[in-house]
Amino acid sequence: QLQASGGGLVQTGGSLRLSCTASGFTLRWYATGWFRQAPGKEREFVTAINWSGGKSYYADSVKGRFTLSRDTAKNTVYLQMSSLKPEDTAVYYCAALPIIAGLTVKEDRYIFWGRGTQVTVSS
(Lines give C-alpha, C1' and ligand atoms only; values in the text may rest on other atoms or scores of the structure.)
Protein backbone atom coordinates (compact mmCIF):
# COMPACT_ATOMS: atom_id res chain seq x y z
CA GLN A 1 0.00 0.00 0.00
CA LEU A 2 0.95 3.63 -0.30
CA GLN A 3 0.82 6.32 2.35
CA ALA A 4 0.88 9.95 1.34
CA SER A 5 1.71 12.68 3.83
CA GLY A 6 3.05 16.20 4.10
CA GLY A 7 0.05 18.23 3.13
CA GLY A 8 -1.00 21.34 4.96
CA LEU A 9 -1.89 25.00 4.73
CA VAL A 10 0.55 27.36 3.04
CA GLN A 11 0.42 30.88 1.67
CA THR A 12 0.67 31.73 -2.00
CA GLY A 13 4.27 31.46 -3.10
CA GLY A 14 5.13 29.01 -0.37
CA SER A 15 6.45 25.47 -0.56
CA LEU A 16 5.50 22.02 0.66
CA ARG A 17 7.03 18.61 0.28
CA LEU A 18 4.74 15.64 0.01
CA SER A 19 5.93 12.13 0.80
CA CYS A 20 4.68 8.81 -0.51
CA THR A 21 5.89 5.72 1.30
CA ALA A 22 5.28 2.22 0.04
CA SER A 23 4.84 -0.88 2.14
CA GLY A 24 4.63 -4.40 0.84
CA PHE A 25 6.47 -3.68 -2.37
CA THR A 26 9.58 -1.87 -3.56
CA LEU A 27 9.00 1.42 -5.34
CA ARG A 28 12.15 1.15 -7.42
CA TRP A 29 10.34 -1.37 -9.63
CA TYR A 30 7.35 0.87 -10.09
CA ALA A 31 6.58 4.07 -11.86
CA THR A 32 5.24 6.62 -9.40
CA GLY A 33 2.66 9.24 -10.10
CA TRP A 34 0.87 12.04 -8.30
CA PHE A 35 -2.67 13.10 -9.00
CA ARG A 36 -4.84 15.74 -7.37
CA GLN A 37 -8.50 16.48 -6.95
CA ALA A 38 -9.79 19.95 -6.24
CA PRO A 39 -13.23 20.53 -4.73
CA GLY A 40 -15.94 20.02 -7.33
CA LYS A 41 -13.47 18.85 -9.96
CA GLU A 42 -12.32 15.54 -11.34
CA ARG A 43 -9.02 14.08 -10.30
CA GLU A 44 -6.22 15.21 -12.60
CA PHE A 45 -2.69 14.13 -13.39
CA VAL A 46 0.15 16.09 -11.81
CA THR A 47 3.39 14.23 -12.45
CA ALA A 48 4.87 10.77 -12.87
CA ILE A 49 8.28 9.23 -13.23
CA ASN A 50 9.76 5.95 -14.30
CA TRP A 51 12.67 5.56 -11.90
CA SER A 52 14.33 2.93 -14.07
CA GLY A 53 14.88 5.05 -17.15
CA GLY A 54 14.34 8.46 -15.62
CA LYS A 55 11.52 9.40 -17.97
CA SER A 56 9.07 11.79 -16.38
CA TYR A 57 5.93 13.72 -17.17
CA TYR A 58 4.72 16.92 -15.57
CA ALA A 59 1.40 18.62 -16.16
CA ASP A 60 1.88 22.00 -17.81
CA SER A 61 0.33 23.68 -14.79
CA VAL A 62 3.14 22.52 -12.49
CA LYS A 63 6.19 22.46 -14.76
CA GLY A 64 9.07 24.36 -13.25
CA ARG A 65 7.40 24.45 -9.83
CA PHE A 66 7.04 20.80 -8.82
CA THR A 67 9.88 18.28 -8.66
CA LEU A 68 10.00 14.57 -7.93
CA SER A 69 12.71 12.84 -5.96
CA ARG A 70 13.14 9.60 -4.09
CA ASP A 71 14.87 7.88 -1.21
CA THR A 72 15.23 4.23 -2.10
CA ALA A 73 16.42 3.31 1.39
CA LYS A 74 13.15 4.66 2.78
CA ASN A 75 11.07 3.31 -0.10
CA THR A 76 9.68 6.81 -0.41
CA VAL A 77 9.14 9.30 -3.18
CA TYR A 78 8.77 13.02 -2.64
CA LEU A 79 6.93 15.75 -4.46
CA GLN A 80 8.55 19.11 -3.81
CA MET A 81 6.06 21.87 -4.56
CA SER A 82 7.25 25.45 -4.82
CA SER A 83 5.72 28.76 -5.82
CA LEU A 84 2.36 27.39 -4.80
CA LYS A 85 -0.80 29.01 -6.08
CA PRO A 86 -4.38 28.91 -4.79
CA GLU A 87 -5.28 26.76 -7.79
CA ASP A 88 -2.93 24.09 -6.46
CA THR A 89 -5.36 23.53 -3.59
CA ALA A 90 -6.50 19.92 -3.76
CA VAL A 91 -6.22 16.50 -2.22
CA TYR A 92 -3.04 14.97 -3.56
CA TYR A 93 -2.76 11.26 -4.21
CA CYS A 94 0.27 9.17 -4.97
CA ALA A 95 -0.03 6.10 -7.14
CA ALA A 96 2.17 3.37 -8.59
CA LEU A 97 2.19 0.95 -11.47
CA PRO A 98 4.77 -1.64 -12.48
CA ILE A 99 7.50 -0.20 -14.67
CA ILE A 100 6.86 -2.90 -17.23
CA ALA A 101 3.42 -1.38 -17.84
CA GLY A 102 5.00 1.83 -19.07
CA LEU A 103 4.74 5.38 -17.82
CA THR A 104 1.35 6.98 -18.27
CA VAL A 105 -0.76 9.95 -17.23
CA LYS A 106 -3.90 7.78 -17.18
CA GLU A 107 -4.99 7.14 -13.63
CA ASP A 108 -6.84 3.92 -14.43
CA ARG A 109 -3.50 2.30 -15.24
CA TYR A 110 -2.17 2.77 -11.71
CA ILE A 111 -2.77 -0.18 -9.40
CA PHE A 112 -1.65 1.15 -6.02
CA TRP A 113 -3.06 4.33 -4.50
CA GLY A 114 -2.47 6.25 -1.32
CA ARG A 115 -5.33 7.82 0.64
CA GLY A 116 -4.47 11.37 -0.23
CA THR A 117 -3.20 14.38 1.63
CA GLN A 118 -4.82 17.81 1.64
CA VAL A 119 -2.91 20.80 0.30
CA THR A 120 -4.46 24.21 0.83
CA VAL A 121 -2.90 27.35 -0.60
CA SER A 122 -4.28 30.59 0.78
CA SER A 123 -4.33 33.77 -1.28
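Other residues within the sphere of radius under 13 Å centred on the Cβ of VAL91, judged by their own Cβ, net out at +1 (K and R +1, D and E -1).
Counting other Cβ atoms within 10 Å, keep those with at most 14, restrict to DSSP loop, and tell me which GluC sites (Glu not before Pro) in the stretch 1-94 are left. Counting only loop positions with at most 14 other Cβ atoms within 10 Å, the GluC sites (Glu not before Pro) in the stretch 1-94 are GLU42. Can you count the Lys pairs in the chain whose Cα atoms are under 24 Å apart, with each pair 8 or more apart or on different chains? Close lysine pairs found across the chain: 8. Of the trypsin sites (Lys or Arg not before Pro) found in the stretch 47-104, those that fall in a DSSP loop while having at most 15 other beta-carbon atoms within 10 Å are LYS55, LYS63, ARG65.
Most simply put, the chain has about 90% antiparallel DSSP beta bridges, counting only bridges with both residues inside it. The residues of the stretch 59-123 present an accessible area of 51 Å² per residue when probed at 1.4 Å with all protein chains retained.
The values are calculated or read from the model by the stated rules, or taken from the named source; none is laboratory data. Everything numeric here is computed off the predicted structure, so don't read it as measured data. All Cβ positions, glycine included, derive from the backbone under ideal geometry; neighbour counts span all protein chains shown. What goes into the accessible areas is simple: the full protein's heavy atoms, side chains included, and nothing from ligands, DNA or RNA. Shrake-Rupley method; radii C 1.70, N 1.55, O 1.52, S 1.80 Å.
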